[in-house]
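The next block holds one structure in the form of structure tokens; read it before the comments.
The values are calculated or read from the model by the stated rules, or taken from the named source; none is laboratory data. This structure is a prediction, so every number in the text was calculated from the model and none was measured. Every residue, glycine among them, receives a Cβ derived from its backbone with ideal geometry; neighbour counts consider all protein chains shown.
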Amino acid sequence: MQCGGSKNATLPVLASALAVSGPVELQNVPRLQDVDTMLELLVSLGMRATPTAPHSWTLHPPTHATLHADYRLVSQMRAGICVLGPLLTRFGNAVVALPGGCRIGHRPVDLHLRGLAALGAEIEIREGYIHARAASGLRGAEVNLLGSAGPTVTGTCNLLVACALARGSSVLHGAAREPEVQELAGFLSSAGAQISGVGTSTIEISGVDALQSVCHRLPADRIEAATLAIAALITGGQVTIQDAPVEHMQSVLDLLSDCGGQFSRTENGLHIRAADRLNSSSILTEPYPGIPTDLQAQLMALMCLAEGTSRVTETIFPERFHHVPELIRLGAQIQRHGNTAIVEGVSSLSGAPLLATDLRASAALVLAGLAACGTTEVHRISHLDRGYQQFDLKLRSLGARIARTAESAAGI
Ligand code: EPZ
């Protein structure tokens, strides 16, 4: 099974193309609803975007951008906020709607705004929009990106681009270390940015006058790869995932091995085989290199069928538990205490109608439905299409009995 391009690497790179002064060619861009929304947003800001192959785009950034990122588009996804840094640093002005995205709890942008203010931007929030101005350009500064729940990923992306074109040097303290941040830094460096310390929590940037034309290939999606691995384990099957970014999946592969998964590297990917027995585990989501919050729901679905008691603690988004009542509908035994869920493994789940509430919860419900006896209907799967390309078709080609119906529900 081919792993698609990474959603969360692609979105900030697409947004950052606004800061580049020449054409940008991107390869391995996944076909996802969020990518379409980001492209529509960029076009509304003056970008020309042309598909050049099934997963490749050539972008022609504007020389004079429209500086208003509209609510209609930005409210559809959190990553819409990623146009703020590029617009402000290249054009000195930006009006960006406060972003939307998955319903996974409170998602402030204070760290983004504090960081940009430290670079000299004047920022105001009026009528649901962020109004940011830096009439004489941004200037390098020391910025702290650490919030109470850890570093901010898209905040680090916004600041990286902003600092790349700011006058002088900047230091980002408490920077996110996620592979997606590393990818953006790689893209910017190929365009001429001067960045060091990427992959650590302190990143140093020396501002340059302009970013130049660049061609960049996006990496495979570590969350999709791990979701497919969990699909194999929850159904007692096996899968080979081409291009799985194994080097960025260590914590989750260690966890899945403890649960009984058997892994082997292939020439360009990963093979996963389920053992006879699925062990329970203790799962703690953390910033990279810890277990990603974007896998918490899928891992919880797996633990529902593991032998013994599992503990799932969510430290990034303490309210990200909308999948719990839906898993309980299938017969799972889960009790939630604040940001921890205690899961008593059961020997089988039984199919039921379910409601998907957010992207990763949708994937978790589909995985649980694959393992449940009888038919499961997952409603509102539009969330799934935001982040997984043709997930139903991929699962079907692996042997799952899954169909997308006209009412846009997935019956399994
Ligand atoms: C990114 O969101 C991802 N989205 C999320 O993936 C992912 O769950 C999240 O990082 C954590 O890994 C994209 O890359 C588009 P954060 P982001 O800012 O950047 C708090 C998915 O399923 N915080 O790193 O918005 C925040 O409340 C999505 O693909 C502040 O306090 O997340 C949270 O507790 C969902 N102030 C923590 O930091 C801020 O200004 C981490 O959030 C910003 C964040």
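Residues considered: V109, V161. Of these, the only one that is within 16 Å of the ligand (Cβ to nearest atom), over 19 Å from G207 (Cβ atoms) and not small (G, A, S) is V109. Taking the criterion of being in contact with an Asp or Glu (Cβ under 6 Å, 6 or more places away or on another chain) and assigned by TED's automatic domain parsing to the domain that holds V378, would at least one residue in segment 297-307 satisfy it? Within segment 297-307, none of the residues are in contact with an Asp or Glu (Cβ under 6 Å, 6 or more places away or on another chain) and assigned by TED's automatic domain parsing to the domain that holds V378. Considering each residue of segment 144-156, count those that are part of a helix (DSSP H, G or I) and near the ligand (Cβ under 6 Å from one of its atoms), and give that number. Counting residues in segment 144-156 that are part of a helix (DSSP H, G or I) and near the ligand (Cβ under 6 Å from one of its atoms) gives 3. Every residue in segment 129-143 that is over 22 Å from A79 (Cβ atoms) and part of a strand (DSSP E or B), please. Once the filter is applied, which keeps residues that are over 22 Å from A79 (Cβ atoms) and part of a strand (DSSP E or B), segment 129-143 yields R133, R139, E142. Within the set V29, V83, V96, the sole residue that is of a type in the set (A, V, I, L, M, F, W, C), surrounded by 16 or more Cβ atoms within 10 Å (Cβ to Cβ) and assigned to a loop (DSSP other than H, G, I, E, B) turns out to be V29. What residue, among those in segment 262-276 that are within 14 Å of I230 (Cα to Cα) and surrounded by fewer than 20 Cβ atoms within 10 Å (Cβ to Cβ), is modelled with the lowest pLDDT? This residue is A275. Does S16 fit the bill of being touching a Phe, Trp or Tyr at 6+ places or on another chain (Cβ under 9 Å) and under 30 Å from S136 (Cβ atoms)? Judged against the criteria, S16 is a match.
Of A193, A231, A274, A244, all but one fail to be of a type in the set (A, V, I, L, M, F, W, C) and outside the structural domain of L327 (by TED's automatic domain parsing); the exception is A193.
Criterion applied to R90, R72 was being assigned by TED's automatic domain parsing to the domain that holds A134, more than 16 Å from the ligand (Cβ to nearest atom), closer than 22 Å to L119 by Cα and in a helix (DSSP H, G or I), and the one residue passing it is R90. Kindly evaluate L295 against the criterion of being out of contact with any Leu (no Cβ under 6 Å at 6 or more places or on another chain), assigned to a strand (DSSP E or B) and closer than 18 Å to E178 by Cβ. No, not satisfied. Taking segment 52-69 as the range and being of a type in the set (A, V, I, L, M), free of Cβ contacts under 8 Å to residues at least 40 places away in the same chain and outside any strand (DSSP E or B) as the test, only L67 passes.
As a summary of the residue check, A364 satisfies the conditions (1) at pLDDT 95 or above; (2) touching a strand residue (DSSP E or B) at 6+ places or on another chain (Cβ under 9 Å) except for the one numbered (2).
Test of understanding: among G85, G80, which residue is closer than 26 Å to P219 by Cα, at pLDDT 95 or above and away from the ligand (no atom under 11 Å from the Cβ)? Criteria check complete, one pass: G85.
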